[in-house]
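Encoded as structure tokens, the structure appears first; notes follow it.
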Amino acid sequence: MKHRSLQSLGTALLAALLGACAAAPREIEQPGIAWNVEFEYPLRFQRMVDEQMLIVGTSRHLHALDPRSGRQLWRARNVSARSEDIIAVPELPYLLVMDAAGGSFDDGDTHILAIDRFDGEMFWESPRIAGKVQQAVIDPDSGRLYAVAVAAPHGDDTGLLADILPGKGIGSGLLREPQLIAMELRTGRILWTRAFGDRVPLRPVGGRVLDDNGDWQPERSFDLGLYREPFVAGDRICLSYTGISCFSAATGAPAWQREFAVNEGKAALSYTSALTDDRTVYMSGGGRLQALD
């Protein structure tokens with residue numbers, strides 16, 4: 001009995017000791033600072049373009065940093081942009097920066113600045129484009145850049161009786177017609193422009209902003225984030241806003257169209273990016289995989 005009592009006492013003491021250790025506050029380790037960089041002007045955004053480049057935008061300049069060390073790779077002077085104004089196209093040796101103007105949303109007139117990824121120097125500046133460029137793809141074989149612009153992609157997407165009915169009301173959403181633009185990759189010269197032919201729903205980006213009186217504005221910016229990027233298929237440039245719509249890469253003339261639902265209910269990008277070979281376009285939509293000539 002005495003042995004059992006001593007054993008029970010030892011067990012109780014061990015449990016109390018463990019409990020005290022668990023209850024004791026542990027010092028929280030502070031993360032180390034790998035690097036920090038001070039900027040002359042207020043920061044607007046930081047955005048990782050790839051594993052080797054972190055883009056930082058200030059109110060005055062555009063900077064490229066090495067994300068591992070914080071070392072400045074280059075500075076593009078007097079380029080004031082927002083994160084959504086920068087398009088990084090894979091395999092393109094420069095960044096596309098929208099130098100926009102026109103109202104508080106800066107989406108009236110756009111000039112595309114092509115800025116070298118390696119030294120920040122400007123390749124070229126495009127002629128005026130009506131609207132704001134939001135998507136782009138290149139065709140190295142033809143030496144062309146295909147961009148999609150949307151005129152005035154801002155507004156109020158609430159519909160009728162929005163304060164009474166669930167959701168955003170009757171006829172909600174913001175519809176705009178995209179414009180397809182073919183440009184010379186080396187110089188930025190515009191070769192042709194073609195209207196898509198139909199208005200498509202846009203996606204709101206960012207929150208609402210305050211006006212000069214401190215009231216929330218009903219309008220905000222929108223983009224083409226509901227849809228996959230354009231793609232090149234042989235001698236066609238194709239858009240997937242209402243299914244697949246293909247245009248002649250040489251002239252912009254409509255070639256063919258296959259309509260199907262590209263989004264399922266409120267789920268965006270519920271269809272896959274297209275795959276192509278010499279003769280066929282493979283794409284999913286509406287619950288099926290389609291192979292199109």
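For A255, indicate whether it is out of contact with any Lys or Arg (no Cβ under 8 Å at 6 or more places or on another chain), free of Cβ contacts under 8 Å to residues at least 40 places away in the same chain and small (G, A, S).
So A255 does not fit the description; no.
Mind telling me which of the residues L113, L92 ends up being at pLDDT 85 or above, in a loop (DSSP other than H, G, I, E, B), surrounded by 15 or more Cβ atoms within 10 Å (Cβ to Cβ) and touching a strand residue (DSSP E or B) at 6+ places or on another chain (Cβ under 7 Å)? Outline the logic, then answer.
Working: L113 fails: in a loop (DSSP other than H, G, I, E, B).
Answer to the check: L92.
Restricting the search to the stretch 184-196, which residues are at pLDDT below 95 and either surrounded by 18 or more Cβ atoms within 10 Å (Cβ to Cβ) or within 24 Å of Q257 (Cα to Cα) (or both)?
L185, G188
Regarding the stretch 32-50, can at least one residue be identified that is part of a loop (DSSP other than H, G, I, E, B), among the small types (G, A, S) and surrounded by 11 or more Cβ atoms within 10 Å (Cβ to Cβ)?
No, because not a single residue in the stretch 32-50 is part of a loop (DSSP other than H, G, I, E, B), among the small types (G, A, S) and surrounded by 11 or more Cβ atoms within 10 Å (Cβ to Cβ).
Just give me the residues in the stretch 95-110 being touching an Asp or Glu at 6+ places or on another chain (Cβ under 6 Å) and at pLDDT below 80, in sequence order.
Passing the criteria: A100, A101, G102.
Take the residues in the stretch 256-293 that are hydrophobic (A, V, I, L, M, F, W, C) and farther than 26 Å from D223 by Cβ; name whichever of them is nearest to the chain's Cα centre (by Cα).
Filtering the stretch 256-293 for residues that are hydrophobic (A, V, I, L, M, F, W, C) and farther than 26 Å from D223 by Cβ, the one nearest to the chain's Cα centre (by Cα) comes out as L289.
From (1) over 28 Å from E177 (Cβ atoms); (2) of a type in the set (S, T, Y); (3) in contact with a strand residue (DSSP E or B) (Cβ under 6 Å, 6 or more places away or on another chain), pick out the condition that doesn't hold for S69.
Every condition holds for S69 apart from (3).
Output the residues belonging to the stretch 263-292 that are outside any strand (DSSP E or B), in contact with a strand residue (DSSP E or B) (Cβ under 8 Å, 6 or more places away or on another chain) and modelled with pLDDT of 85 or more. So that I can check it myself, show each step before the final result.
In the first step, residues of the stretch 263-292 are kept if they are outside any strand (DSSP E or B); the result is 263, 265-266, 268-274, 277-280, 286-287.
Narrowing the set further to residues that are in contact with a strand residue (DSSP E or B) (Cβ under 8 Å, 6 or more places away or on another chain) leaves 268, 270-274, 280.
Selection gives S273, A274, T280.
Would a scan of the stretch 258-274 turn up a residue that is under 22 Å from G197 (Cα atoms), open to solvent by 70 Å² or more (accessible area, probe 1.4 Å), in contact (Cβ under 8 Å) with a residue 12 or more places away in the chain and among the basic types (K, R)?
Within the stretch 258-274, one or more residues are under 22 Å from G197 (Cα atoms), open to solvent by 70 Å² or more (accessible area, probe 1.4 Å), in contact (Cβ under 8 Å) with a residue 12 or more places away in the chain and among the basic types (K, R).
Examine the stretch 88-111 for a residue that is of a type outside the set (A, V, I, L, M) and more than 25 Å from L224 (Cα to Cα), and state whether such a residue exists. I'd like the intermediate steps shown before the answer.
Keep residues of the stretch 88-111 that are of a type outside the set (A, V, I, L, M), which gives 90-91, 93-94, 99, 102-111.
Add one more test, that the residue is more than 25 Å from L224 (Cα to Cα), and what stays is none.
Within the stretch 88-111, none of the residues are of a type outside the set (A, V, I, L, M) and more than 25 Å from L224 (Cα to Cα).
Is it the case, given these coordinates, that F105 is of a type in the set (A, V, I, L, M, F, W, C), open to solvent by 10 Å² or more (accessible area, probe 1.4 Å) and either in a strand (DSSP E or B) or in contact with a Leu (Cβ under 7 Å, 6 or more places away or on another chain) (or both)?
Here the answer is no, as F105 does not meet what is asked.
Mind listing just one residue for me: the one in the stretch 123-163 that is assigned to a loop (DSSP other than H, G, I, E, B) and among the hydrophobic types (A, V, I, L, M, F, W, C) and, of those, surrounded by the fewest Cβ atoms within 10 Å (Cβ to Cβ)?
Only one residue fits best here, namely L161.
What do you reckon, is F231 over 17 Å from the mean Cα position of the chain (by Cα) and at pLDDT 90 or above?
In short, no.
If I filter the stretch 227-257 down to residues being out of contact with any Pro (no Cβ under 7 Å at 6 or more places or on another chain) and under 20 Å from I87 (Cα atoms), which single residue comes out as surrounded by the most Cβ atoms within 10 Å (Cβ to Cβ)?
It comes out as Y227.
The values are calculated or read from the model by the stated rules, or taken from the named source; none is laboratory data. Remember, predicted model here, so these are calculated numbers, not experimental data. All Cβ positions, even for glycine, are placed from backbone atoms using ideal geometry, and neighbour counts span all protein chains on display. Heavy atoms of the whole protein, side chains included, go into the accessibility calculation; ligands, DNA and RNA do not. Shrake-Rupley method; radii C 1.70, N 1.55, O 1.52, S 1.80 Å.
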